[in-house]
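Trainee: The structure follows.
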Ligand code: NAD
Ligand code: UDP
């Protein structure tokens with residue numbers, strides 16, 4: 001028997017992760033309503049979908065109410081790189097808080113599931129390592145990252161209150177650093193920065209001494225996990241960590257990018273931005289048990305795809 005196609009709303013669908021999610025949903029036979037205000041997303045990311053009969057694009061800012069008829073909501077709208085979310089911090093908080101209220105209201109009215117894209121940033125500069133979902137985090141409420149971190153924390157609060165108060169099927173995924181094709185070359189995130197700098201033969205900018213760590217997940221692995229999470233039973237809410245537990249120092253990443261691109265770029269050290277987390281590694285036991293999922297793409301393989309993408313993009 002063929003699976004009934006669903007109509008699925010993806011907010012932030014023209015962004016890096018959102019556009020890959022749209023691809024995954026179209027491949028699964030669903031209809032996609034992509035909603036985006038193009039703050040950080042681009043038409044380029046979804047250009048290949050614009051003529052698809054099951055794809056529809058709506059330019060809209062999620063801080064304003066949205067009245068549509070859909071079967072599921074993936075709420076991804078929000079700038080994600082420090083450079084972009086700090087450009088207009090008030091709008092960043094509004095997007096997380098008001099945008100999530102609007103999408104939860106829609107889910108409540110339609111009695112449909114909603115998946116909220118949260119982040120490892122809810123753990124702040126963590127004192128527990130690796131981070132489990134039980135850890136409450138160590139977040140500065142008034143710093144330059146707070147618009148994003150606290151906005152996302154409040155969005156989680158809203159999801160769980162709609163679950164308790166209105167029986168909405170809310171699902172929260174805490175996404176750890178993810179990379180891959182369709183990142184913006186100028187978004188300031190470490191993977192895009194290092195690859196673009198290496199390909200252009202510019203200095204590789206290490207903030208601090210490069211000993212801080214991150215755990216990098218390839219985009220395809222990540223998308224599969226959030227697709228699986230959406231299709232869990234009503235009472236599976238999370239929060240659930242999604243990421244790749246292989247941890248690297250930022251210096252190791254820089255050296256790997258130089259080696260893989262064959263670049264002559266040199267490392268230079270710049271000041272560490274304030275509140276930059278010292279370490280980050282997801283404990284993904286819950287994702288393994290609940291979703292029967294774990295990432296399969298090693299950093300070197302994912303970087304190879306990403307380097308290829310940027311080679312074409314910036315030339
Ligand atoms: P992105 O910036 O590429 O995508 C975000 C998209 O949301 C963009 O297309 C942007 O135009 C859109 N958007 C922003 N504000 C909006 C608004 N008010 N109304 C409508 N659209 C709006 O970032 P991404 O990396 O694809 O991240 C997607 C989601 O995943 C975000 O919610 C982010 O917080 C979360 N996340 C990403 C990562 C990561 O490593 N990529 C890690 C943790 C969490
Ligand atoms: N970083 C760096 N050089 C860069 C960009 C980032 O050393 O050109 C560092 C940054 O200080 C942080 C890590 O790389 O410690 C990851 O930064 P990113 O902005 O990608 O993600 P986040 O800090 O939000 O995890």
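Trainee: Across segment 276-304, what is the total count of residues that are over 26 Å from residue 208 (Cβ atoms) and either crowded, with 17+ Cβ neighbours inside 10 Å or in contact with a helix residue (DSSP H, G or I) (Cβ under 9 Å, 6 or more places away or on another chain) (or both)? Step through it out loud before you land on a result.
Mentor: To start, the set of residues in segment 276-304 that are over 26 Å from residue 208 (Cβ atoms) comprises 284-297, 301, 304.
Keeping just the survivors that are either crowded, with 17+ Cβ neighbours inside 10 Å or in contact with a helix residue (DSSP H, G or I) (Cβ under 9 Å, 6 or more places away or on another chain) (or both) gives 284, 286-287, 290-297, 304.
Count: 12.
Trainee: Could you check segment 117-136 and list, in sequence order, the residues that are more than 14 Å from ligand 1 (Cβ to nearest atom) and farther than 21 Å from residue 75 by Cα?
Mentor: Residues satisfying the conditions are 125, 126, 127, 128, 129, 130, 132, 134, 135, 136.
Trainee: So, in segment 109-118, of the ones that are in contact with a strand residue (DSSP E or B) (Cβ under 9 Å, 6 or more places away or on another chain) and surrounded by fewer than 24 Cβ atoms within 10 Å (Cβ to Cβ), which residue ends up farthest from residue 244 (Cα to Cα)?
Mentor: In the first step, residues of segment 109-118 are kept if they are in contact with a strand residue (DSSP E or B) (Cβ under 9 Å, 6 or more places away or on another chain); the result is 110, 112-118.
Checking which are surrounded by fewer than 24 Cβ atoms within 10 Å (Cβ to Cβ) leaves us with 110, 112-113.
Working: 110: 34, 112: 29, 113: 26 Å.
Only one residue fits best here, namely 110.
Trainee: Let me ask something else about it. Which is at pLDDT 95 or above and more than 11 Å from ligand 2 (Cβ to nearest atom), of 192, 146? Even if it seems obvious, please write down each step before you answer.
Mentor: On the way: 192 fails: more than 11 Å from ligand 2 (Cβ to nearest atom).
One residue alone meets the criteria, 146.
Trainee: Does at least one position in segment 18-25 carry a residue that is without any contact (Cβ under 8 Å) to a residue 24 or more places away in the chain and within 20 Å of residue 114 (Cβ to Cβ)?
Mentor: Within segment 18-25, the first condition is being without any contact (Cβ under 8 Å) to a residue 24 or more places away in the chain, and the residues that meet it are none.
Checking segment 18-25: not a single residue is without any contact (Cβ under 8 Å) to a residue 24 or more places away in the chain and within 20 Å of residue 114 (Cβ to Cβ).
Trainee: Then there's this: Taking the stated definitions as given, is residue 10 within 14 Å of ligand 1 (Cβ to nearest atom), touching a strand residue (DSSP E or B) at 6+ places or on another chain (Cβ under 6 Å) and at pLDDT 95 or above?
Mentor: Working: within 14 Å of ligand 1 (Cβ to nearest atom): yes; touching a strand residue (DSSP E or B) at 6+ places or on another chain (Cβ under 6 Å): yes; at pLDDT 95 or above: yes.
So residue 10 passes the test.
Trainee: Sticking with this one: Determine, yes or no, whether residue 131 is more than 15 Å from the chain's Cα centre (by Cα), buried (at least 20 other Cβ atoms within 10 Å of the Cβ), within 25 Å of residue 298 (Cβ to Cβ) and modelled with pLDDT of 95 or more.
Mentor: Working: more than 15 Å from the chain's Cα centre (by Cα): yes; buried (at least 20 other Cβ atoms within 10 Å of the Cβ): yes; within 25 Å of residue 298 (Cβ to Cβ): yes; modelled with pLDDT of 95 or more: yes.
In short, yes.
Trainee: Could you check segment 282-306 and list, in sequence order, the residues that are in contact with a strand residue (DSSP E or B) (Cβ under 7 Å, 6 or more places away or on another chain) and assigned to a loop (DSSP other than H, G, I, E, B)?
Mentor: 283, 284, 295, 297
The values are calculated or read from the model by the stated rules, or taken from the named source; none is laboratory data. This is a predicted model, so every value here is computed, not measured. Methodologically, a virtual Cβ is constructed for each residue, glycine included, from the backbone with ideal geometry; neighbour enumeration extends over all protein chains shown.
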